[in-house]
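A.B. asks: Below you will find the structure I want to go over with you.
The values are calculated or read from the model by the stated rules, or taken from the named source; none is laboratory data. Worth saying up front: this structure is predicted, and the values here are computed from it rather than measured. Here Cβ is always computed from backbone atoms with ideal geometry, including for glycine, and neighbour counts include all displayed protein chains. When the accessible area is computed, the model is the full protein with side chains, heavy atoms only, and any ligands, DNA or RNA have been set aside. Shrake-Rupley method; radii C 1.70, N 1.55, O 1.52, S 1.80 Å.
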Amino acid sequence: QGRYQRLDLIGNTRNCFLTGSPDNCTNLISKGQRCFLNVSNTEVYKNAHHSSRRFCVQSLQPLGEKTASFQTSSVGQLPHRFSTWNIQIIRSFRTSPSFQAVPFPLFWIIVKPIQKLLAILLGRSIRNWWKALPPNKQELFKESARKNKWKILLGVGSLGVLFVVFYFTHLEETPITGRPRLLVFGKEHFRELSEMEYAMRMEEFENKILPKTDTRYQVVEAVFDHLSETNKDIRQISALKWIIHVVDEPGVNAFVLPNGQVFVFTGLLNAVSDLHQLSFILAHEIAHAVLEHAAEKASLVHLLDFLSLIFLTMIWAICPRDSFAVVGQLIQSKLKEFMFDRPYSRTLEAEADKVGLQFAAKACMDVRASSVFWQQMELAEAIQGQPRLPEWLSTHPSHGNRAEHLDRLIPEALKIRESCNCPSLSGPDPRLIFKLNMQHLLELSKSQETPNSTKQDLSKSKLDFPHA
């Protein structure tokens, strides 16, 4: 696994991020833009293009002196060769995986298995006690339950009311989007856990962290600094001390811990085509931290786990045999996962895409590149012949649905970009260029097929593309 296996769609040229040699590259962005949206009674902007009061200040500060010698192709001009793609793409691009994005409070990590065990023992004890009762006593209990059914219903209803009160008293407003969300654990619960997670990650990647002198680190640092500078009017962004780590790993991955520690894998740098795509991915990760998705997801999981303990006890009390109870417990676990956990994770990912797109727009990046990135990812999986699983099986939206969702958000992001006095976008829409290139790819693949040959393996073909 130490080497990448990539499909070079034409030749063996490499992305300037990955060569480590800045000699052949020039700077893509000459000026950074700083946009401050002044909205009354809030510290964060909401629906910037609808706000009636706004002002944007254009900064003459370059994107970063360290990137003065870099060249990346404009997103309006896809490279003549798609060599910047790493077709050794992992099965699905995972930003903020569940065990990274949801650092549960340490106490609940310890007691969670104990709670489940106690629920199983309690349910099993109730079942054995019921079986040991003589038939006449069982009938007496049933008759007593029928006579006191209203009292039983009142007790259950009271517990339900307490649950509803607890839920609504722990609702908070999500920063920026204003979406109501359950927040059981406070931010302080995650600070120490973030430090623990950070120590574990640094130990895991001890020999893989790139030095600050590496070109790839400097590119990521310059893009991230530009994003944080142009969005520093967001209180959550300016309050955190962001620290960047570039990890020499082939996986297409990036994540941000709640304490501002940023981890970017070199496999991601190999998968993006330009700085605009990289900027959107980093903005997506910043959005996860700003929106406090880690605390939100941990709160939901904690609440669902508490409710599942009640059902777990009932399953072990009602099922006549342990084997049936084990099956029932498995069904309950899977239902919770596919009906609540994964859909909620996909919702948070979609929200991070939306807010991250706004951050990238304020940084004057070409937000249209965000959609192209996910189309590239979808194509890479298709070339590798990887099976396309239904979206409901994943914690992340599918690449195609993500691209479509971003396409719907791009017009709004372009208005935000325009309101910040950003330079006009030059060249054709990168989405159109990608579509034309894909059509050319299909034509070339068909022309290479012979009547007596089987369908060619695209992963072994080197196909040329027309210049943008």
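A.B. asks: Put Ile310, Ile243, Ile234 in order of accessible area, largest first, 1.4 Å probe: what do you get?
C.D. replies: Largest accessible area first, the list is Ile310, Ile243, Ile234.
A.B. asks: R0 = 30 Å: FRET efficiency of Leu153 with Arg179, Cβ-based, nearest 0.05?
C.D. replies: 0.30
A.B. asks: Related question: Of the trypsin sites (Lys or Arg not before Pro) in the stretch 308-374, which ones lie in a loop per DSSP and count no more than 15 other C-beta atoms within 10 Å?
C.D. replies: Arg321
A.B. asks: With +1 on the Cβ of every Lys and Arg and -1 on the Cβ of every Asp and Glu, and nothing else charged, how large is the dipole of the stretch 182-442 about its Cα centre, in debye rounded to the nearest 20?
C.D. replies: Charge dipole of the stretch 182-442: 520 debye, to the nearest 20.
A.B. asks: Excluding ligands and nucleic acids, what accessible area in Å² is computed for Met438 using a 1.4 Å probe, to the nearest 10?
C.D. replies: Around 30 Å² of this residue is reachable by solvent.
A.B. asks: Rank these residues by their accessible area, most exposed first, probe 1.4 Å: Glu173, Glu203.
C.D. replies: I get Glu203, Glu173, largest accessible area first.
A.B. asks: For Glu349, Glu381, Glu192, what's the largest-to-smallest order of accessible area, 1.4 Å probe?
C.D. replies: Output order, biggest surface exposure first: Glu192, Glu381, Glu349.
A.B. asks: So how much accessible area does Lys435 have, in Å² to the nearest 10, using a 1.4 Å probe?
C.D. replies: Rounded to the nearest 10, the figure is 120 Å².
A.B. asks: What percentage of the solvent-accessible surface of the stretch 292-339, computed with a 1.4 Å probe over protein heavy atoms, is contributed by carbon and sulfur atoms?
C.D. replies: Carbon and sulfur atoms account for 78 percent of the accessible area of the stretch 292-339.
A.B. asks: Per residue Cα convex hull volume for the stretch 182-442, in cubic angstrom?
C.D. replies: Convex hull of Cα atoms, per residue: 167 Å³.
A.B. asks: Normalised by the number of residues in the stretch 182-442, what is the relative contact order in percent for Cα pairs under 8 Å and 6+ residues apart?
C.D. replies: 18 percent
A.B. asks: How much of the DSSP beta bridge set in the stretch 182-442 is antiparallel, as a percent to the nearest 5?
C.D. replies: 45 percent
A.B. asks: Quick one: Debye curve from the C-alpha atoms of the stretch 268-406, no solvent, what's log10 I(q)/I(0) at q = 0.10, 0.14, 0.19, 0.21 Å⁻¹?
C.D. replies: Evaluating at q = 0.10, 0.14, 0.19, 0.21 Å⁻¹ gives log10 I(q)/I(0) of -0.47, -0.76, -1.08, -1.21.
A.B. asks: Please compare each pair in Lys112/Lys142; Lys187/Lys354; Lys116/Lys336; Lys241/Lys297 to a cut-off of 25 Å on the Cα-Cα distance and tell me which ones are over it.
C.D. replies: From Lys112/Lys142; Lys187/Lys354; Lys116/Lys336; Lys241/Lys297, over 25 Å: Lys112/Lys142.
A.B. asks: While we're here: Any idea of Glu143's accessible area? Nearest 10 Å², probe 1.4 Å.
C.D. replies: Surface accessible to solvent at Glu143 totals approximately 80 Å².
A.B. asks: Could you state the accessible area per residue of the stretch 133-287 in Å², with a 1.4 Å probe and every protein chain left in place?
C.D. replies: Each residue of the stretch 133-287 exposes 49 Å² on average to a 1.4 Å probe.
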